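Below is one structure, written out as C-alpha cells, with a few remarks after it.
The values are calculated or read from the model by the stated rules, or taken from the named source; none is laboratory data. All of these numbers come straight from a predicted model, not from anything done at the bench. Here the Cβ is made from the backbone with ideal geometry for all residues, glycine too, and neighbour counts use every protein chain on show. Accessible surface areas use protein heavy atoms only, side chains included; no ligands, DNA or RNA. Shrake-Rupley method; radii C 1.70, N 1.55, O 1.52, S 1.80 Å.
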There are 2 protein chains.
Amino acid sequence: MTPEPQRPLRADAERNRQLIMRTAERLIARRGPAVTLNEIARAAGVGVGTVYRRFPDLQALIDALFTERFTTFLRLAAAAGQHVDPAQALRQYLLDAAQWRSEDRALDTILAHAGTDTKPIARMRDELGRHVDGLVRAAVTAGAVREDFASADVYAFLHMIGAVADRTHDIAPGAWRRYAEVLLLGFGLQRSPAAHTSAMTEEQIRRTWPEPATRRSADPGRAGRA
Amino acid sequence: MTPEPQRPLRADAERNRQLIMRTAERLIARRGPAVTLNEIARAAGVGVGTVYRRFPDLQALIDALFTERFTTFLRLAAAAGQHVDPAQALRQYLLDAAQWRSEDRALDTILAHAGTDTKPIARMRDELGRHVDGLVRAAVTAGAVREDFASADVYAFLHMIGAVADRTHDIAPGAWRRYAEVLLLGFGLQRSPAAHTSAMTEEQIRRTWPEPATRRSADPGRAGRA
DNA sequence: TCCTAAGCGGATCAATTTATCCACTTAGTG
DNA sequence: CACTAAGTGGATAAATTGATCCGCTTAGGA
C-alpha cells in the first residue's frame, strides 16, 4: 500500500528493505510467484517479522518491485527519445527494452502480478504511454514503419520477445534477437534480414518445449486477480 | 504416472474421469496452476477420493491433459501436411496451431507444467518433431521462406503468438492475427502486409499492460520443476 | 553518553492444502 | 437376480503456509 514512507527509514531498516527486495527478485526469478514471504525472509537472513513489517504481504512487495521496474521502462523510453532519427529512436527503445526484458528473469512475474490500480502507478503508466506514443508517432510520420503501426504493437513486441526470452534464457541466451529482427522486419522497421542470427539447434529446441515451470501463480499463470 | 490403464475403466469411472478432466481444464483456464485437486473435485461434483484415485496428484492430471493436447498438435501437423504446396502447408500449420493456442486458455499452463520425461510423451514429441521438420524442410526447399528458417522458429512463433493471445483474449480476441501476419512477413512466408488487421485501441492497450494474473505457478510462473 | 523511538526476529497460532482411509454403493458378469 | 470387484465420497490426519505479537536490540539525536 504505502508506496514511499514519509519519514525516511532508519539506515539499518532501509538496508534491510533493499536486502529483502533484492532477495525477493532472486527468488522470484527462480521460483516465480510461488515464493513465500517467510521463504524470502529466510533467504535474506532476516526475521519474518522484519519482512512483514515492511511489506504487509507478497502483493505489496511485488508492487514495490513493479514500481522500480516501471521506472526503468521510463528511463529507456526517455533515452531513446534523444535520437534525432525517429526510426533509430523507436528501434532503440524496442531493442533496449527487449534486452532488459530478456535479462531480468523476475520481470514477467512482477508485471503479471502487480496491482495496477494505485494512483502513482497510474501516473507512471500514463507517462510511459506518452513517451511511447511519441516515439511511435514520430516514426510513423517519418515513414520509418508501416503506417498502421501503433503503440499496442510496442507492448505486443515486448510480450512476444519476453515469451521467447523466458523460454530460451538458459539454453540459447541470445535467441530472442533473431525474433526481434523478424518482428522489426515484419513491422517494416528494418529492411533486410540482417546478419544471420541463426535459429536454435535440435537439442536446444527440445529443451524449450515445453518449458520449465513452477506451480502457483497462474503462470498461464494468468486470470484471477485481474 | 499410469498413462492409460490396461483394463478399461468401468463405465461410470470413465465418465467421472472425463468429467474431472473437463472440469480441471475450465478451472486451470480461469485460475492457472493454482488449482487444487480438492477444488476440482468440488467443482466437478465428485468426492475428493474419486479424483485422487484417478490422479495421484495435480501433476498426473496435468500430464493427462498434456497428452490430449499433444495429440491435437500432431493432428494439426498431419492435416497441414496434406497440402501439396509446401508454403500453404507450413502456413496452415502455423495458423491452425496459433488459432487453437489462442482459444484454449488452459494450454499455456498445461504445457508449462507438464512433466516431460515419460516414455510415451518422448515418443509423441519425436513424432511431432518429425512432422514439423518435414513441413519446414519442404517450405525451405521450395524457397517459400527465408532459407535459414528452422523448426525452432515454429515453436518460437507459437510461444510468441501465445503470449499475445493470452494477454488480449478478453480484450481484443482477434488481435493475435495481426502479429501472426507480421511474423509471417518477417519470416518471408508472406509477401504483402495483408488486409488491415489493425492494432488495438488506447483503452485496450491499457488493459493489457500489465496483464491480469493469479498467484501460484511460477507463471513467471516459470523455473523450478524443470 | 544516555535515552527512546524504531527496528528486529522468531516462537507461535490460524488457515489452508494435501492426501488417506474405509464404510457404503453400484456396474455389469454369469 | 445375485454376487463381487470396482468405484464412491467425505471426514479427518498431516503438512505447509500466512501472519501476528511481543520481549529484546540498536540507531542516532540531544
### Summary
So, relative contact order of the range A:19-153 in percent, Cα under 8 Å, 6 or more apart, is 27 percent
### Message
Please compute, for peptide A:176-189, the average count of beta-carbon atoms on other protein chains lying within 10 Å of each residue's beta-carbon.
### Response
5
### Task
Over the range A:56-134, with every protein chain in place, what whole percent of the accessible area is carbon and sulfur at 1.4 Å, could you tell me?
52 percent
### Query
Between residue B:201 and residue B:22, 0.36 nm times their residue separation minus their Cα-Cα distance comes to what?
61.0 nm
### Task
Compute, for residue A:67, the solvent-accessible surface of its heavy atoms (probe 1.4 Å) with the complete set of protein chains present, and express it in square angstrom to the nearest 10.
50 Å²
### Query
Going through the range A:14-94, which chymotrypsin sites (Phe, Trp or Tyr not before Pro) have at most 10 other Cβ atoms within 10 Å and a DSSP loop state?
none
### Message
Quick check: the angle from helix B:11-31's long axis to the longest principal axis of chain B, C-alpha only, nearest 10 degrees?
### Response
60 degrees
### Message
With a 1.4 Å probe and all protein chains left in place, how much accessible area per residue does the protein assembly as shown have, in Å²?
### Response
44 Å²
### Summary
Percent relative contact order for the range B:43-118, counting Cα pairs under 8 Å at least six residues apart, stands at 39 percent
### Query
Rounded to two decimals, what is Rg over Rh for the range B:1-66 when you use alpha-carbon atoms and the Kirkwood radius?
0.94
### Message
To the nearest hundred square angstrom, how large is the accessible surface buried between B and A, total for both chains, probe 1.4 angstrom?
### Response
6200 Å²
### Task
Using the 7 Å Cα-to-Cβ label point, sort the distances from residue A:8 to its equivalents in the other copies shortest first and give them in nm to one decimal.
7.6
### Task
Using only atoms on other chains, find how many Cβ atoms lie within 10 Å of each Cβ of peptide A:22-32 and report the average.
3
### Query
In nm, to one decimal, how far is the residue B:83 label point from the residue A:100 one, both placed 7 Å along Cα→Cβ?
3.9 nm
#### Entry: For residue B:45, label point 7 Å along C-beta direction: distances to other copies, nm
5.7
### Per-residue average of Cβ from other chains inside 10 Å of B:101-111
3
### Task
Just need the relative contact order of chain A here, percent rounded to a whole number, with Cα pairs under 8 Å and 6+ apart.
20 percent
### Task
Set the Förster radius R0 to 41 Å, insert the Cβ-Cβ distance between residue A:9 and residue B:39 as r into 1/(1 + (r/R0)^6), and round the FRET efficiency to 0.05.
0.55
### Message
Using just the Cα positions, wrap the protein assembly as shown in a convex hull and report its mean projected area in square nanometres, one decimal place.
### Response
23.2 nm²
### Longest exposed-site-free window of chain A, the sites being trypsin sites (Lys or Arg not before Pro) in a DSSP loop that have at most 13 other C-beta atoms within 10 Å
A:11-190
### Query
Calculated FRET efficiency, residue A:59 and residue A:171, Cβ-Cβ r, R0 41 Å, to nearest 0.05?
0.80
### Query
Roughly how much of residue A:12 is accessible, in Å² to the nearest 10, using a 1.4 Å probe?
60 Å²
### Query
Considering only the label points, 7 Å along Cα→Cβ from Cα, what distances in nm to one decimal separate residue A:82 from the same position in each other copy, shortest first?
5.8
### Surface/4 of the Cα convex hull for chain A, nm²
14.2 nm²
